[in-house]
Amino acid sequence: MRIPLTRHRLAMAALVACLGAATTGAAVVATTGTAWASAPSTGRALTPGTRFYVNPDSEAAHQAVTDLLHRDFPGAAAMAKLATWPEATWFTQGTPAQVKDQVRTLVRHAAAQRAVPVLVAYDIPLRDCSQYSAGGAQSDADYQAWIAAFASGLGDGKAVVILEPDALANLPSDCGPTTDPTGAISAARIADIRYAIGVLEAHPGTSVYLDAGHSQWHAVGDMAARLIQAGVAQTQGFFLNVSNFEPTGQVDEYGTWVSECVWFATLGPDWAAGHTDWCASQYYSAAAPNDGAPGNSVSPSDPSTWHWTDAWYAQNAGTPPVAQLTHFVVDTSRNGQGHWAPAPGTYSGDPQVWCNPPGRGMGVRPTASTGVPLVDAYLYVKTIGESDGQCNRGIAGGTVDPEYGIVDPAAGAWWPAQAHTLAQNANPPLTVNPNLF
């Protein structure tokens, strides 16, 4: 049961005060205006001074109060710290009228904080290949009505929209050989994304980012081709690592290659036009000797070999004009300890390394001051403490997750133990947001 909001705010005020932060006990409010400057491409780029909206009624905030009432003081302190950091708000269902109202309310709350909200639109038909996060609109027409209403709720306020996680990295044609044998459903998916871009980008304060998976999934050229087809040139850029665990440095490097590949095939040399398939990737580079000797080919699991991919871009793309390169954002909510792999031989089937991996931790705090030229922001997109689904590590007929000895909560359900683990293992260590008050 949730603690009533007034009581929750008072308890949160006491907790944060005990952590050494000055507070008045009111809702979380920022103290300086949001910086928002023009980008060469769209005029909507985030500047280093941008601050993001903090939800005073978050799951972490409620968990802090619950822990306090149960006299779990270390847990309460950890959740209180987590509650001071901005996280994205997910919109996953509802009628057009409902989502419009919900988006408008969030934008209004963010404006009161003088902060920028990060919204996740997640209602595409055949979402998640009908697996753990199954759902979404029942038809393309329903989706387009829903996303048009979502966009209408934005108004002219500042906002970042993470448009449909996995929508491009997990096209219907990727779901299995019988899901989309003709490619018609995937074509409709692309059309839905392009429609969404149009209605969202009609709002001058909105920056839209498209799905580009992560560094251990699609090859660079494959992902670049999907982004181009979906209309990335009409957006602020793409997003990476949502709900995943790949290390920030590796994701940054992958994203830079994707951006360079998009440029290479669209604005680069005439001979490269349309050829994302020529781009080097985390799996292969023609610049490497590829002679079988150790270190002489690119390995996705060995970033020390990725210099061969860098070499290919240096040789074939040179130094593209910075203003022509696509920017991106990275989800660092759970990648502080990197990805997880069980000991060899632990599981005979798919160990589901993406699904509630044990021992993970929060990563780099949300910021638009990344120090990486093409990275607009590090964000907490996945809600920290929500389950990925009921994992069974590939054990046929199994329902219990052997890593935890329980049936995991359903996808999207709040899991206090997971939230505490991610906070405890945060890298860098979790602190109160110094820019909160």
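Need pairs with beta-carbon distance below 7 Å; first residue charged (D, E, K, R) and within the stretch 107-120, second part of a helix (DSSP H, G or I); sequence gap 6+ or separate chains.
Going by the 7 Å Cβ cut-off, there are no qualifying pairs.
For residue 148, indicate whether it is more than 24 Å from residue 278 (Cβ to Cβ), without any contact (Cβ under 8 Å) to a residue 24 or more places away in the chain and of a type in the set (Gly, Ala, Ser).
It is false that residue 148 is more than 24 Å from residue 278 (Cβ to Cβ), without any contact (Cβ under 8 Å) to a residue 24 or more places away in the chain and of a type in the set (Gly, Ala, Ser).
Just to be sure, is residue 360 in contact with a Lys or Arg (Cβ under 7 Å, 6 or more places away or on another chain), within 28 Å of residue 329 (Cβ to Cβ) and in contact (Cβ under 8 Å) with a residue 12 or more places away in the chain?
yes
Cβ-Cβ below 7 Å, separation at least six or inter-chain, first residue in the stretch 69-96 and in a helix (DSSP H, G or I), second of a type in the set (S, T, N, Q): which pairs?
78/424; 79/63; 81/431; 83/58
Of the residues 101, 156, 140, which single one is at pLDDT 95 or above, surrounded by fewer than 24 Cβ atoms within 10 Å (Cβ to Cβ), of a type in the set (D, E, K, R) and within 29 Å of residue 84 (Cβ to Cβ)?
101
Find the residue count for the stretch 51-68, including only residues that are crowded, with 20+ Cβ neighbours inside 10 Å, modelled with pLDDT of 95 or more and assigned to a loop (DSSP other than H, G, I, E, B).
4
Please work out if residue 134 is modelled with pLDDT of 95 or more, part of a loop (DSSP other than H, G, I, E, B) and within 28 Å of residue 389 (Cβ to Cβ).
no
Please enumerate the residues belonging to the stretch 390-430 that are surrounded by fewer than 16 Cβ atoms within 10 Å (Cβ to Cβ) and small (Gly, Ala, Ser).
If the condition is that a residue be surrounded by fewer than 16 Cβ atoms within 10 Å (Cβ to Cβ) and small (Gly, Ala, Ser), then 394, 396, 397, 398, 405, 410, 413, 417 are the ones that fit.
Within the stretch 214-263, which residues are surrounded by fewer than 24 Cβ atoms within 10 Å (Cβ to Cβ) and either within 18 Å of residue 373 (Cβ to Cβ) or outside the structural domain of residue 389 (by TED's automatic domain parsing) (or both)?
Of everything in the stretch 214-263, those that are surrounded by fewer than 24 Cβ atoms within 10 Å (Cβ to Cβ) and either within 18 Å of residue 373 (Cβ to Cβ) or outside the structural domain of residue 389 (by TED's automatic domain parsing) (or both) turn out to be 248, 249, 250, 252, 253, 256, 263.
May I ask you to list the residues in the stretch 375-426 that are in a helix (DSSP H, G or I) and under 16 Å from residue 244 (Cβ atoms)?
Scanning the stretch 375-426 gives 418, 422.
The values are calculated or read from the model by the stated rules, or taken from the named source; none is laboratory data. The structure displayed is predicted, hence computed values, not measured ones. Positions of Cβ are generated from backbone atoms using ideal geometry, with glycine treated the same way; all protein chains shown enter the neighbour counts.
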